[in-house]
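Student: First the structure, which I've put down as structure tokens, then a few questions once you've had a look.
The values are calculated or read from the model by the stated rules, or taken from the named source; none is laboratory data. Only a predicted model underlies this, so the values are computations on that prediction, with no experimental measurement involved. Note that each Cβ is placed from the backbone with ideal geometry, even for glycine, and that neighbours are counted across all protein chains shown. Quick note on the areas: whole protein, heavy atoms, side chains included, nothing else; ligands and nucleic acids left out. Shrake-Rupley method; radii C 1.70, N 1.55, O 1.52, S 1.80 Å.
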Amino acid sequence: MSYDKVAQVKTGLIIGTKQTLKAMKNGEVREVVIADDADLQITEKVSRLANDLSIPCSRVDSKKKLGEACGIDVGTATVAIKQ
């Protein structure tokens, strides 16, 4: 998944690790994006849960660019796209 795909989703983005994990557990997520430059301790939980729940998980290189694609002024380690 590219930054463009995230930027095209106007509604239905879940930004941040805690919110992403919660939405994944509730079955609300169809796809997850993880920034490679984020702290591994943070992203590992999301990656593991996505694998356990068979949710497609893609990676991008920059949390700053991922945040910009979401329309926020700060970087984000993870983003989920709702069903």
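Student: Sort out which residues of segment 3-29 are among the aliphatic types (A, V, I, L, M) and either modelled with pLDDT under 95 or part of a strand (DSSP E or B) (or both), and write them in order of number.
Tutor: VAL6, ALA7, VAL9, LEU13, ILE14, ILE15, VAL29
Student: Another one. Tally up the residues in segment 27-50 that are buried (at least 21 other Cβ atoms within 10 Å of the Cβ) and under 18 Å from LYS5 (Cβ atoms), please.
Tutor: 7
Student: Mind counting the residues in segment 72-82 that are open to solvent by 20 Å² or more (accessible area, probe 1.4 Å), of a type outside the set (Gly, Ala, Ser), within 18 Å of LYS18 (Cα to Cα) and part of a loop (DSSP other than H, G, I, E, B)?
Tutor: Residues flagged as open to solvent by 20 Å² or more (accessible area, probe 1.4 Å), of a type outside the set (Gly, Ala, Ser), within 18 Å of LYS18 (Cα to Cα) and part of a loop (DSSP other than H, G, I, E, B) within segment 72-82 amount to 2.
Student: Kindly list the number of the only condition in (1) closer than 16 Å to GLN19 by Cβ; (2) open to solvent by less than 80 Å² (accessible area, probe 1.4 Å) that fails for VAL60.
Tutor: (1)
Student: Which numbered condition in (1) surrounded by 18 or more Cβ atoms within 10 Å (Cβ to Cβ); (2) modelled with pLDDT of 95 or more is the only one that LEU53 fails?
Tutor: (1)
Student: Among (1) free of Cβ contacts under 8 Å to residues at least 40 places away in the same chain; (2) more than 11 Å from the chain's Cα centre (by Cα), which single condition is LEU21 missing?
Tutor: Going through the list (1) free of Cβ contacts under 8 Å to residues at least 40 places away in the same chain; (2) more than 11 Å from the chain's Cα centre (by Cα), LEU21 breaks only (2).
Student: Still on this structure, I have one more. For segment 30-71, which positions are of a type outside the set (Val, Ile, Thr), in a strand (DSSP E or B) and under 10 Å from the mean Cα position of the chain (by Cα)? Steps first, please.
Tutor: Taking segment 30-71 and keeping what is of a type outside the set (Val, Ile, Thr), we get 30-31, 35-41, 44-45, 47-54, 56-59, 61-71.
This time we only want the ones that are in a strand (DSSP E or B), so: 30-31, 35, 57-59.
Across segment 30-71, the qualifying residues are GLU31, ALA35, CYS57, SER58, ARG59.
Student: Within segment 2-26, track down each residue that is among the hydroxyl-bearing types (Ser, Thr, Tyr) and open to solvent by less than 40 Å² (accessible area, probe 1.4 Å). Steps first, please.
Tutor: Taking segment 2-26 and keeping what is among the hydroxyl-bearing types (Ser, Thr, Tyr), we get 2-3, 11, 17, 20.
Passing the criteria: THR17, THR20.
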